Amino acid sequence: MADCCINPSILSADFANLEAELARIHSADAVHVDVMDNQFVPNLTIGLPVVKRLQQVSSRPLDAHLMISRVDEWAPSFAEAGLDSVTFHLEASSAPVKLARELRARGSKAGMALRPATPVETCLPLLSEIDLLLIMTVEPGFGGQEFLDIMLPKIRRARQAADDAGSDLAIQVDGGISDDTIGRAAEAGANVFVAGSAVYGADNPDQAISRLRDTAERARGGSSVE
């Protein structure tokens with residue numbers, strides 16, 4: 001399993017000063033960008049033009065999470081913008097394998113996301129087609145929600161499947177990640193963590209990132225998947 005990565009979510013940042021907010025998270029492994037269309041989820045954030053501009057000014061790789069209904073149509077354009085990784089929801093795609101291959105062909109890592117109610121078994125046959133599996137640990141749409149511990153067995157099942165296949169699949173968790181919850185997610189097998197308010201709500205976001213990473217590494221070091 002790869003090292004633990006902390007990807008702060010700009011959903012918790014100051015949208016009027018995004019370039020300045022990016023400068024506050026130099027120690028981040030990547031910047032998590034939530035794109036919502038008020039159709040797939042009940043919230044509206046930013047679209048492709050803003051993401052393209054963020055890509056131009058960010059010193060860190062961009063990790064886009066597309067919570068949009070027309071994802072088969074739009075996701076390739078985010079990859080073409082040069083993003084490091086583009087994640088789409090399995091529930092929103094009519095041709096997930098085709099889409100994952102299109103993202104990779106355009107130079108981005110391909111990520112697949114699952115809502116809390118979607119069984120992990122639905123995506124296990126597709127793991128070889130993706131680089132990252134995002135397991136939502138809250139219902140997607142809004143930041144600041146509480147971590148759903150009932151997602152921990154889902155994380156364990158995904159990690160076990162990846163290990164059994166000899167895959168270095170990144171397992172990302174998004175929702176309610178904090179100093180109190182990141183250890184449980186890491187012990188279950190996650191290694192990429194999206195943190196919004198835990199980072200941007202801190203007096204020193206870079207220190208918060210380092211603390212979260214250290215906590216995850218310690219928990220992962222003592223973990224075992226059965």
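Nothing in this text is a laboratory measurement; each read-out follows from the coordinates by a stated rule. Quick caveat: nothing in here was measured; it's all calculated off a predicted structure. Using ideal geometry, Cβ is built from the backbone for each residue, glycine included, and neighbour counts are taken over all protein chains shown.
Couple of notes before you dig in:
- Among the residues making up the stretch 19-46, those that are part of a helix (DSSP H, G or I) and surrounded by 13 or more Cβ atoms within 10 Å (Cβ to Cβ) are E21, L22.
- Total residues in the stretch 135-147, condition farther than 14 Å from V41 by Cβ and crowded, with 18+ Cβ neighbours inside 10 Å: 3
- Counted residues, the stretch 11-42 - those being in contact with a Lys or Arg (Cβ under 9 Å, 6 or more places away or on another chain) and aliphatic (A, V, I, L, M): 7
- When residues of the stretch 79-89 are limited to those that are under 14 Å from the mean Cα position of the chain (by Cα) and of a type outside the set (S, T, N, Q), the one nearest to P140 (Cα to Cα): H89
- S9 being closer than 21 Å to A198 by Cβ, among the small types (G, A, S) and buried (at least 23 other Cβ atoms within 10 Å of the Cβ): yes
- Residues (surrounded by fewer than 24 Cβ atoms within 10 Å (Cβ to Cβ), in contact (Cβ under 8 Å) with a residue 60 or more places away in the chain and of a type in the set (G, A, S)) located in the stretch 154-188: A170
- Sub-7 Å Cβ pairs linking a first residue in the stretch 87-99 that is in a strand (DSSP E or B) to a second residue that is of a type in the set (V, I, T), at least 6 apart or interchain, are F88/V71; H89/V71, ordered by first then second residue.
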